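No value in this document is a laboratory result; all are computed from the given coordinates. None of the values given here were measured: they were computed from a predicted structure. Cβ placement follows ideal geometry from the backbone for every residue including glycine, while neighbour counts extend to all protein chains displayed.
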Amino acid sequence: MFIVLKLTIIGENLCLKLSKWVIAIVVIILIIAGIWYYGTKPATTPTSAELIKIGAVLSLTGAGSFHSQNIKQGADLAVDEINKLGGIDNRQL
């Protein structure tokens, strides 16, 4: 009985070690595949007609709307000023 119990414990430790190695190998393969996929994609250059999109997470209703509306107005003002100066790399916001 002692021998069977000892072999079971050794088998569990071996199984845990193997599963860690398998997980590590799978993660490494996924990382290499991701690097290869994004490394082989052709670079795209935006045309000058494309707009630059700007996003913000604001609470326009509710308790925090007072501050968020001021922030939105400030962002709109900044966008207008940047666009009047020619945009960013000749692209409008």
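Once segment 54-85 is narrowed to residues that are under 20 Å from the mean Cα position of the chain (by Cα) and free of Cβ contacts under 8 Å to residues at least 24 places away in the same chain, the residue that is surrounded by the most Cβ atoms within 10 Å (Cβ to Cβ) is A56. Taking the criterion of being within 24 Å of the chain's Cα centre (by Cα) and either without any contact (Cβ under 8 Å) to a residue 12 or more places away in the chain or not in a loop (DSSP other than H, G, I, E, B) (or both), the residues of segment 40-52 that qualify are T40, K41, P42, A43, T44, T45. Restricting attention to segment 53-68, the residues that are part of a helix (DSSP H, G or I) and out of contact with any Leu (no Cβ under 9 Å at 6 or more places or on another chain) total 1. Kindly indicate whether any position in segment 24-37 is under 26 Å from the mean Cα position of the chain (by Cα), surrounded by 10 or more Cβ atoms within 10 Å (Cβ to Cβ) and closer than 26 Å to D89 by Cβ. Within segment 24-37 (the criterion being under 26 Å from the mean Cα position of the chain (by Cα), surrounded by 10 or more Cβ atoms within 10 Å (Cβ to Cβ) and closer than 26 Å to D89 by Cβ), the answer is no, since none of the residues qualifies.
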